[in-house]
Structure formats: C-alpha cells, structure tokens
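Heads up, the thing below is written out as structure tokens.
The values are calculated or read from the model by the stated rules, or taken from the named source; none is laboratory data. Being a predicted model, the structure only gives us computed values, none of them experimental. A quick note on method: Cβ atoms are made from the backbone with ideal geometry, for glycine too, and the neighbour counts reach across all protein chains shown. Remember, those area values only see protein heavy atoms, side chains included, never the ligands or the DNA or RNA. Shrake-Rupley method; radii C 1.70, N 1.55, O 1.52, S 1.80 Å.
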Amino acid sequence: MVLEVFKNTIVYRIMPDSIDNSLIEEICGILRNNGLIAFPTETVYGLGALISKVDAIKKIFIVKGRPIDNPLIVHVSSIDMFIELVENIPDRIIRLVEKLWPGPFTIIWWKKSIVPDEVTAGLPKVAIRMPAHPVALELIRVCGEAIAAPSANRSGKPSPTNAEHVISDLFGLIDAVIDSGETIYGVESTIIDFTTNPPRLLRPGALPVEDIISLIGESIEIPLFARGYCEAEYAEAPGMRYRHYAPNSFLTVVETDEYSSGLRNVVKKIREIVELNKNRFSRLAIICSSETCSEYVDLGVRIYDIGSRSNLFIVARNLFKTLRQLDSDNIEFAVAEGFEEKGLGLTIMNRLRKASGFNIVKT
Ligand code: TXA
Ligand code: MG
C-alpha cells in the first residue's frame, strides 16, 4: 500500500479538565474518514484508528514501521462496548474488568468476528482495555466505536509520554495529535491473557501484577519474557519478539538479586564499566537512583537521576523520558542501575532489559 504522507499534522490542545466537544467531534470526523490520530491515555500516547476502518489500521503499521504480526490493543469507553467485541466472556471476567477499568490493565480474550483480523494480526484473541484518561474516553464515546491503538512511537523507540515525543517520531505521517500534556504513568498497561489457566502475564505495566493476583485470588504465570530477559518463544505474544524502547546509544543494565545488600556492588560495577569505556566514547552517561547518583559524580560523565528507590511510580514515569533524553543529548554509551523486581520494579526491569537489547550484567 502506498503510504500517504501528510504535509501537516494538526496539533489539537485539549486539557482533561476542559474538553471542547466540538474539537472531539472534528477529530472523530477525521477518524471516520480513515484518519490516524495520536491521543493521550493515562499510560502513554496511542496512535489510534477506528476498529472498523481496516485501511487506517493497515496504515498504523506502515507509519510506525511495525511488523504486521504484532497485534494492536483495542480501547473501549464502556463495558458494553467490551462485551460486543469478545466471545463467551465469563461473569468473573466482567466483574474483574469492572473493578480495574478505566485503568492501565489490558485483558486478552477470544474475539468476535466483528474485530478485524488486521487488528489482532490474525490471532483469535484480542487485547482490550478502557483507558483512564478523560480525553481518550470522550474520544471513544463520541466516535461511538472502539479505537485500536498501539503506542504512538516509531517501532523500537521508547513509548511517548508527551505530545512532543509523538511529534518527533510521527509528524507529517499522521493526521493529528491531541496534546494533553504529560501522561500519568509513563509506562504502558499491564497485559494478561485470561484464556490460559493460570492466566499469563504477557507484559508487566503500570498496574502491578501483585494487585491483580490479590484481586483474583489465584496465581498468574510470569514467563521469563515478561521479566524482559528474553524474547517470547511463541507466536502468541509477538510484540515480545522485537527490540523495544531502545535509545541510539549502547545501553548496559547492571543488576543484582538482592538490592538491600547488593546495591554497593552494582555501583562498583557501573564505575568499572564506565572507566573501561571512557577512552572509547566521548559521551557517556549513567542512569541511577536518587540514592546512588552522588556515587558517580567524580567520573565526569552525564548523570540522569531517575528517581528514588522508595518511589518506583516516579522511576517508571521518568523511564521513557530519560531514554529519549539520551538520544537528544547524543549519548553514545550509557549504563543503568537495576531495580528490585517488585511491584512496578518488574515493569521497570522489563523495559530496561529490553531497551538494552538484553545487555545485562549481574553482580
Ligand atoms: O498502555 C498501553 O497499553 C498503550 C496505550 C496506548 O493504551 N498501548 C500499547 O500498545 O502499549 P502497543 O501496541 O505498544 O503494545 C501492545 C502489546 C504488544 O506487545 C502486542 O504484542 C500485545 O500488546 N498484544 C496485542 N494484542 C495481542 C493479542 N491478541 N495477543 C497477545 N498479545 C497482544
Ligand atoms: Mg508500543
């Protein structure tokens, strides 16, 4: 398909507390006309098309440079809209999503034929969530149809947490961007496949998997690829098979199994790695926690304080922004500290390990 390159991408500014409905109507008009719109969610910005507009769905893959076997998440604005898209949905699943939505939780369930194969990359299951962002919810509600949307970045780049990130990746390639400022979580939703027994975590995200486990009262399988240690071994989670979130620089992650006693070794190892590479690169950087950043100042490299170990919400929120900052600061070689794999720590480590291309050093 020939890619239609727009000369301009319209930027709409719509803040969540003052939504102008005539603008939302106008944007729905673009979507109904096979358009592509980047819009905010509480996690990251999405690049949306109406699910019935198959040509627009195909265009999403082209403008993102996304492999066509990597399915999209469908965004709904009501439980009724969800029920229309899925087959044989048990009551317990409806009760679960009623508790977790709107919010950063994506459920995988069997799809009805109304969901085009282009959305699910031919899979019989569909990923669905209801975003907790007033602008996203209003957009879907006014359009009266679910919106399929991956993150609004070029494939392989960190997901966009503000409209500037979207513009830098996709300006001129999409019809419009809705700028609503920074997103809240800064990392994507948690994806769980509930068609398997036990349910399976496909991607840790903004909602800690422990919260879901305690809510459902049963275990959830956490495969190695969900921890970011490897690619998914089977086609059911194709999005897990590509390098993601990658900055232009080399990135190494240094981690330990035991952060309370092992953090000193992490710092020591990072210092060694930086010293070893100082002559090979002129622009080096360290991504560290607020607690340990001062340990590196004498090295004379760029330091990015990503937040405190006692507030992983902030670390997660800063993560993609920092990875993009490496690029805008032309960093050639970066080393990041690891974080304990608890709560949002699992999400952070999944993203960091993948961003590094599995370049992981254990101490
Ligand atoms: O927070 C989020 O989830 C954001 C916002 C925009 O909602 N969206 C997002 O989409 O992160 P994307 O496309 O970047 O990531 C979707 C992931 C991919 O890894 C894809 O493989 C997986 O969801 N996925 C989608 N449909 C699937 C399916 N039917 N089976 C298995 N995995 C699926
Ligand atoms: Mg993505």
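What to note about this one:
- Stretched out straight at 0.36 nm per residue, the stretch from residue 290 to residue 69 would grow longer than its current Cα-Cα span by 75.6 nm.
- Acute angle (nearest 10 degrees) that the helix 21-32 long axis makes with the longest principal axis of the chain, alpha-carbon atoms: 80 degrees
- The length gained on full extension between residue 114 and residue 328, counted as 0.36 nm times the residue separation minus their Cα-Cα distance, comes to 72.8 nm.
- For the chain, a simple Cβ point-charge model (Lys and Arg +1, Asp and Glu -1, everything else neutral) yields a dipole of about 800 debye relative to the Cα centre.
- Ranking 302, 353 from most to least accessible surface, computed with a 1.4 Å probe over the protein chains only, gives 302, 353.
- Across all directions, the shadow cast by the convex hull of the stretch 9-87 built on its C-alpha atoms averages 6.5 square nanometres.
- If R0 equals 45 Å, the separation of the Cβ atoms of residue 58 and residue 219 corresponds to a calculated FRET efficiency of about 0.70.
- Surface/4 of the Cα convex hull for the stretch 164-295, nm²: 12.6 nm²
- Shown is the FRET efficiency for residue 84 and residue 248, computed with R0 = 41 Å from the Cβ-Cβ distance and rounded to the nearest 0.05: 0.45.
- Computed with a 1.4 Å probe over protein heavy atoms only, the accessible area of residue 341 comes to about 60 Å².
- Cross-link pairs beyond the 26 Å C-alpha cut-off, checked among 278/342; 58/99; 59/111; 268/342: 278/342; 58/99
- Computed [θ] at 222 nm, deg cm²/dmol, the chain (DSSP H ≥ 4; -39,500 (n - 2.57); rounded to nearest 500): -9500 deg cm²/dmol
- The chain, accessible surface, carbon-and-sulfur percent (1.4 angstrom probe): 50 percent
- For the stretch 2-197, the percent of C-alpha pairs falling in each 5 Å distance bin, counted from 0 to the bin holding the largest distance, reads 1, 8, 18, 22, 22, 16, 8, 3, 1, 0.
- 24 Å Cα-Cα threshold exceeded, pairs from 125/321; 53/112; 125/157; 53/125; 112/157: 125/321; 125/157; 112/157
- For the stretch 193-346, the per residue solvent-accessible surface stands at 44 Å², with DNA, RNA and ligands left out and a 1.4 Å probe.
- Residue 18 - accessible surface, heavy atoms, 1.4 Å probe, Å² rounded to 10: 80 Å²
- Peptides 286-294, 194-202 ordered by average Cβ neighbours within 10 Å, highest first: 286-294, 194-202
- The overall shape of the stretch 230-354, judged from the alpha-carbon gyration tensor, is oblate: a/c is not under 1.5, and a/b is no greater than b/c.
- Distance (nanometres) between label positions extended 7 Å along Cα→Cβ at residue 258 and residue 94: 5.0 nm
- The accessible-area ordering, largest first, of the residues 309, 154 stands as 154, 309, per a 1.4 angstrom probe.
- Top of 175, 298, 193 by mean-square fluctuation, Gaussian network on the chain, Cα under 10 Å: 298
- Helix 134-143 and the longest principal axis of the C-alpha atoms of the chain enclose an angle of approximately 30°.
- Over the chain, volume per residue of the alpha carbon convex hull, in Å³: 136 Å³
- Label-point gap, in nm, between residue 10 and residue 278 - each point 7 angstrom along Cα→Cβ: 5.5 nm
- Debye-formula intensities of the stretch 109-200, expressed as log10 I(q)/I(0) at q = 0.12, 0.15, 0.21 Å⁻¹, are -0.48, -0.75, -1.30 (one equal scatterer per alpha-carbon, no solvent).
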